[in-house]
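Asker: After the structure tokens below, expect a handful of questions from me.
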């Protein structure tokens, strides 16, 4: 890349960072550290390709100022866990909405594929879900309790087993990201086909509404954060495929770090989903309005935390920077 193109591509980012340092704008210490790492990576790149240039001198001065500010003022907050979930993770997640969209679209596509396959291939559901599960469900339907599977275990045992299993699936979705993201998309495919064929099976039995109102009490959060876990794997894959101005190793390390943070954000939601499946879903006698209220609240929580709130934080931070940049020094 020519030096002029490199400067043009990153100039606005450097000026913003310089404004933060010069005007003592208060931002999260970890966010400041991330900006510092990015500038030092740019400095290394410039030293390699444009030695003895003004760009190197400028970035070296900027990195020195940043280093002094970070290590002079950075303190580990006492409420580190709270700030991770309320600020750090949402701020990070705003950068990866594209990966979230890809994971969602792939999952949705294979839900349709699963339903279509179940509709056109008589043995598909049994092949995918297993004879044991299908036969048990048919027996429950004959007994007049089609959702009886959620009542077979004790509340706590089901809660614990489901939660641990969901976290395991999420770990696979993240870890398979090392296969250039393809492994994470495979997990999305697998779970999408399972959901599509599962829902079509109940549709075929004339129980689509009964199954949906029951399953989505816990499934709204559970499926949503499986997709978020797929997003974390895609972040890892992108770090390997698209290093940008970073070295490929540094980009990969950043992808691992960011993907792991996104994965960690799903754990509380998996616990909530496990609690709902273990203690709430089994009450199939609950009125429709209550089931719909739980489903709507769950969907609202997921959309707010992973979509709306990160955008709000980004806009707030951008506004603060713009106001500072227009303030006379």
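Okay, residues lined up against (1) outside the structural domain of residue 171 (by TED's automatic domain parsing); (2) within 20 Å of the chain's Cα centre (by Cα); (3) buried (at least 18 other Cβ atoms within 10 Å of the Cβ):
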| position | (1), (2), (3) |
| --- | --- |
| 191 | no, yes, yes |
| 201 | no, no, yes |
| 204 | no, no, no |
| 212 | no, no, no |
| 218 | no, yes, yes |
| 226 | no, yes, yes |
| 241 | no, yes, no |
| 262 | no, yes, yes |
| 272 | no, yes, no |
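Asker: Working only within the stretch 285-302, note down all residues that are in contact with a helix residue (DSSP H, G or I) (Cβ under 7 Å, 6 or more places away or on another chain), surrounded by 14 or more Cβ atoms within 10 Å (Cβ to Cβ) and either under 13 Å from residue 212 (Cα atoms) or at pLDDT below 95 (or both).
Answerer: Once the filter is applied, which keeps residues that are in contact with a helix residue (DSSP H, G or I) (Cβ under 7 Å, 6 or more places away or on another chain), surrounded by 14 or more Cβ atoms within 10 Å (Cβ to Cβ) and either under 13 Å from residue 212 (Cα atoms) or at pLDDT below 95 (or both), the stretch 285-302 yields 291, 294, 295.
Asker: Residue 305: assigned by TED's automatic domain parsing to the domain that holds residue 178, surrounded by 20 or more Cβ atoms within 10 Å (Cβ to Cβ) and in contact with a helix residue (DSSP H, G or I) (Cβ under 9 Å, 6 or more places away or on another chain), yes or no? Break it down into steps so the answer makes sense when it comes.
Answerer: Values: assigned by TED's automatic domain parsing to the domain that holds residue 178: yes; surrounded by 20 or more Cβ atoms within 10 Å (Cβ to Cβ): yes; in contact with a helix residue (DSSP H, G or I) (Cβ under 9 Å, 6 or more places away or on another chain): yes.
Judged against the criteria, residue 305 is a match.
Asker: Restricting the search to the stretch 243-260, which residues are more than 19 Å from residue 88 (Cα to Cα) and under 18 Å from the mean Cα position of the chain (by Cα)?
Answerer: The answer is 252, and nothing else.
The values are calculated or read from the model by the stated rules, or taken from the named source; none is laboratory data. Fair warning: this is a prediction, and the values are worked out from it, not measured in the lab. No Cβ is skipped: glycine too gets one built from the backbone with ideal geometry, and neighbour counts run over all protein chains shown.
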